[in-house]
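Okay, structure first, notes after.
The values are calculated or read from the model by the stated rules, or taken from the named source; none is laboratory data. Here the structure is a predicted model, which means the values were calculated and not measured. In this analysis, Cβ positions are derived from the backbone assuming ideal geometry, glycine residues included, and neighbour counts consider all displayed protein chains. The protein model used for the area step is the full one, side chains on, heavy atoms only, and it has no ligands, DNA or RNA in it. Shrake-Rupley method; radii C 1.70, N 1.55, O 1.52, S 1.80 Å.
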Amino acid sequence: MMTPGQVYFLEANLGIVLFYAFYRLLCVRDTFFVGRRVALLSFVAASFVLPFVGMEWSSFSMTESPVTEYVTTFLMPEVTVGTRGPSAPHPLSAGFLLAMLYYAGVAVMAVRMGARWVSVLRLLRVSPSGVMRGRRVRLLPDPSGPFSFFGWIFVHRGSVKPDEEAEVLAHETAHVRQWHSVDVVLMELLTVVCWWNPFAWLMKRETRENLEYLADRSVIRSGFNPRGYQYHLVALACQNGKAGLINSFNLSNLKKRIIMMNKRRTNRTGYLKYALFAFPAFALLMLGNMSCTSEKKQADESVKEQPVSVPDSVDQPVAVPLVEDTIYNVVEEMPQFPGGVSKLMEFITKNLQYPKSAQEQGIQGRVIAQYVVEKDGSVSNIRVIRGVSEELDAEAVRVLKLMPKWTPGKQNGKPVRCRYTIPVQFRIR
């Protein structure tokens with residue numbers, strides 16, 4: 001059984017796949033470069049935000065009353081069964097190896113990104129400030145193609161011809177003024193977290209290409225000759241930038257850029273497709289999230305209290321319940337475990353044992369059990385209303401059967417039978 005964190009991570013990555021497919025289907029043929037930029041950033045944000053929608057925590061979904069206050073108090077500091085010593089999970093289990101592989105990949109990608117930051121900072125330190133056509137730039141000491149990073153423009157004078165300087169500066173200035181480096185860094189972070197997802201890398205590539213389209217359009221709008229600018233792009237295409245976290249003059253596929261510069265502008269009515277088709281994409285992801293959490297919601301509903309008493313026997317009329325046999329959910333004086341809630345948690349934690357077979361298979365989760373506190377304080381009718389596995393369910397029931405007598409609940413000063421629902425968390429640490 002997957003943990004909530006694993007389910008969230010899977011849903012986020014599925015969202016990236018879904019939104020990338022939507023982008024490729026509808027957005028790559030138009031010239032709405034600003035709209036594309038907003039769409040790409042929104043899609044990434046939605047992939048990580050939408051899985052939160054519909055999530056419910058038991059402590060927040062219950063109404064306030066004595067019984068729900070009791071259950072909430074129990075849920076907040078979860079009773080967790082550890083897996084230390086001889087009962088620890090097998091160190092070479094599939095889940096463990098996959099987790100280690102993922103974190104190793106994240107570490108490698110984070111180091112790679114950090115090295116690029118260091119590279120940019122080193123260039124910033126060794127590149128003196130200068131002025132080119134009235135624009136302050138950083139003069140690279142070694143031959144390299146021009147590039148920008150946030151507010152800095154890096155240029156090697158010997159690598160740019162005099163008739164190309166104005167176009168190069170217009171291009172890089174567009175990157176700086178429109179804060180394209182923010183998009184670049186966000187997509188780098190995306191590939192660090194989702195390094196194993198090829199669609200995250202494709203989303204990063206689309207973002208970088210679109211940023212170049214935006215900068216190219218800014219150059220053309222500044223009055224430069226499109227054909228001459230395209231020839232200069234070809235001349236600069238063989239020059240490489242010094243770092244990866246940059247907006248490079250020759251970063252994107254040159255053929256695509258030239259095609260986009262010569263393409264007829266898309267009619268503004270084309271924006272309607274973003275609104276018409278974005279909603280189904282968001283709705284589809286929402287439906288997926290809801291289906292993944294529906295089982296948990298149904299279990300949570302069983303934990304909620306009912307405003308009326310529930311008869312223990314289905315043959316007994318609800319309208320005229322017999323007080324002797326009625327099982328209450330809420331009474332004036334709720335039953336108490338000897339010593340209170342903290343002692344109950346301590347009792348369960350002390351007596352609960354993680355089944356070894358479940359540990360070796362990586363089985364974990366929350367078992368929700370229900371029982372009745374009788375008039376004499378004894379515990380009866382113990383049953384599992386939401387199970388995880390046969391071993392974990394049986395262990396939860398076994399420990400609940402060991403509970404000592406409670407102080408019974410009272411209604412109108414008389415002892416009555418009360419029903420309790422308690423979750424027991426099994427977690428491999």
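If the condition is being without any contact (Cβ under 8 Å) to a residue 12 or more places away in the chain and either at positive phi or surrounded by 18 or more Cβ atoms within 10 Å (Cβ to Cβ) (or both), then region 362-412 contributes no residue at all. When region 200-246 is filtered for residues that are of a type in the set (Phe, Trp, Tyr), surrounded by fewer than 19 Cβ atoms within 10 Å (Cβ to Cβ) and at pLDDT 90 or above, the ones remaining, listed by number, are TRP201, PHE224. Beta carbons closer than 7 Å, at least 6 apart along the sequence or on distinct chains, pair a first residue in region 103-114 that is closer than 15 Å to MET187 by Cβ with a second that is open to solvent by less than 80 Å² (accessible area, probe 1.4 Å) and not in a helix (DSSP H, G or I) for MET109/TRP195.
Looking only at region 3-54, which residues are assigned to a helix (DSSP H, G or I), within 29 Å of ARG427 (Cα to Cα) and of a type in the set (S, T, N, Q)? Of everything in region 3-54, those that are assigned to a helix (DSSP H, G or I), within 29 Å of ARG427 (Cα to Cα) and of a type in the set (S, T, N, Q) turn out to be GLN6, ASN13, SER47. Out of (1) open to solvent by less than 60 Å² (accessible area, probe 1.4 Å); (2) modelled with pLDDT of 95 or more; (3) within 26 Å of ARG135 (Cβ to Cβ), what's the single condition that is false for LEU190? Of everything listed in (1) open to solvent by less than 60 Å² (accessible area, probe 1.4 Å); (2) modelled with pLDDT of 95 or more; (3) within 26 Å of ARG135 (Cβ to Cβ), LEU190 misses just condition (3).
Of all residues in region 389-429, how many are under 19 Å from ASN351 (Cα atoms) and not polar (S, T, N, Q)? Matching residues across region 389-429 total 24. Selection within region 5-49: residues that are closer than 30 Å to VAL367 by Cβ and without any contact (Cβ under 8 Å) to a residue 24 or more places away in the chain. The member of this set that is surrounded by the fewest Cβ atoms within 10 Å (Cβ to Cβ) is GLY5. Do we find a residue being modelled with pLDDT under 70, assigned to a loop (DSSP other than H, G, I, E, B), more than 25 Å from LYS410 (Cβ to Cβ) and among the aliphatic types (A, V, I, L, M) anywhere in region 346-359? Scanning region 346-359, I find no residue that is modelled with pLDDT under 70, assigned to a loop (DSSP other than H, G, I, E, B), more than 25 Å from LYS410 (Cβ to Cβ) and among the aliphatic types (A, V, I, L, M), so the answer is no.
On inspection, GLY105 qualifies as over 17 Å from SER218 (Cβ atoms), open to solvent by less than 30 Å² (accessible area, probe 1.4 Å) and at pLDDT 95 or above.
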